[in-house]
Amino acid sequence: MTCRICASQTNVLFRATILSKYAIAYYECPTCRFVQTETPYWLDEAYQSAFTTTDTGTLRRGQVLGDSAIALLFFLFNRSGRFVDYAGGYGVLTRYMRDAGFDFYTTDPYAPNLLAKGFEAPLPANTADRYELATAFECFEHFVHPADELRKILAYTDNVFFTTQPCPTPAPAVTDWWYYAPHHGQHVALYRPETLAYLGKQVGLHYYNLLNYHLYTRKPFPPLVFPLLVAAGRFGLASVLRLFLKSKTVSDAALLEQRTQAGRLTV
């Protein structure tokens, strides 16, 4: 089978059962180290619900990853710019980041925006409308064709802060690593750091990482800056930085009330 990132010929890694019913193969690329399922014909069934029953971490991710994003955006990017949460689900992260003081918007074709209504992200009409950065948390492992999906994100911005769990080397058995998640069948793409560096290079992006945190950007940074800010944000710096930011919680409520009264938004 051909690698869906670099087009090299892949090797069969192991076979497993997806959705407790479909026997499929996983493949590993010897060139870019990408691990992929066979062509995922089961996705319509896997995505009957955008969120799986076993995903208990939605709210916790919004807080933990949001705190790392606060530190990253505060120091490395234009904190007064617009930001987009790509594949933003129910709008959890967008609401969290707006509460912190960042001008965040959300987009997701597969999940209803429940918590950030009125702050949906349109595609930029021109260069001036582009977003400062996109977050894309826990979605790269869902991409059947990662390069195509990355280009969709780059239509919004040149900077992408995302998370996905790197596949260990050597690749563990399907029963020994929870992130394969064959029970819900949505994780069809698994990466190593060298895979993500290869993917970024295809579109001219610098790549930085710390464990499951990753950054694509056209801006060169000293290698240690990204991991230091991600870790510091998670372990307390975000709380300090909030003192220098103005929350949008109250102003958003007033704005949404005006839109509702003008008939541009339903309650």
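The values are calculated or read from the model by the stated rules, or taken from the named source; none is laboratory data. From a predicted model like this one, the values you see are computed outputs, not experimental measurements. Positions of Cβ are backbone-derived with ideal geometry, glycine not excepted, and every protein chain shown enters the neighbour counts.
Here is a yes/no grid of residues against (1) surrounded by 12 or more Cβ atoms within 10 Å (Cβ to Cβ); (2) under 30 Å from Tyr198 (Cβ atoms); (3) at pLDDT 95 or above:
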| site | (1), (2), (3) |
| --- | --- |
| Thr2 | yes, yes, yes |
| Ser8 | yes, yes, yes |
| Val12 | no, yes, yes |
| Arg15 | no, yes, yes |
| Glu38 | yes, yes, yes |
| Gln48 | no, no, no |
| Arg60 | no, no, no |
| Asp67 | yes, yes, yes |
| Ile70 | yes, yes, yes |
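Checking each residue in the stretch 158-182 for being over 19 Å from the mean Cα position of the chain (by Cα), free of Cβ contacts under 8 Å to residues at least 24 places away in the same chain and outside any loop (DSSP other than H, G, I, E, B) picks out Thr175, Asp176. Pairs linking a residue in the stretch 243-262 that is at negative phi to a residue that is polar (S, T, N, Q), with Cβ atoms under 9 Å and 6 or more positions apart or on different chains, are Thr260/Thr266. Can you spot a residue in the stretch 83-96 that is farther than 22 Å from Leu265 by Cβ, of a type in the set (Ser, Thr, Tyr) and either loosely packed, with under 15 Cβ neighbours inside 10 Å or out of contact with any Asp or Glu (no Cβ under 7 Å at 6 or more places or on another chain) (or both)? So far as the stretch 83-96 goes, yes, one or more of its residues are farther than 22 Å from Leu265 by Cβ, of a type in the set (Ser, Thr, Tyr) and either loosely packed, with under 15 Cβ neighbours inside 10 Å or out of contact with any Asp or Glu (no Cβ under 7 Å at 6 or more places or on another chain) (or both). A residue that is surrounded by 23 or more Cβ atoms within 10 Å (Cβ to Cβ), in contact with an Asp or Glu (Cβ under 9 Å, 6 or more places away or on another chain) and either among the polar types (S, T, N, Q) or closer than 19 Å to Tyr191 by Cβ (or both) occurs somewhere in the stretch 101-120. Here Ala134 meets each of (1) over 28 Å from Ala16 (Cβ atoms); (2) more than 14 Å from the chain's Cα centre (by Cα) with one exception, condition (2). Scanning the stretch 121-157 for residues that are of a type in the set (Ser, Thr, Tyr) and within 13 Å of Tyr216 (Cβ to Cβ), which turns out surrounded by the most Cβ atoms within 10 Å (Cβ to Cβ)? Ranking the candidates gives Thr135 first.
When the stretch 202-247 is limited to residues that are assigned to a loop (DSSP other than H, G, I, E, B) and under 17 Å from the mean Cα position of the chain (by Cα), the one that is surrounded by the most Cβ atoms within 10 Å (Cβ to Cβ) turns out to be Leu205.
Evaluation of Arg264 against the conditions (1) at pLDDT below 95; (2) part of a helix (DSSP H, G or I) shows that the sole unmet condition is (2).
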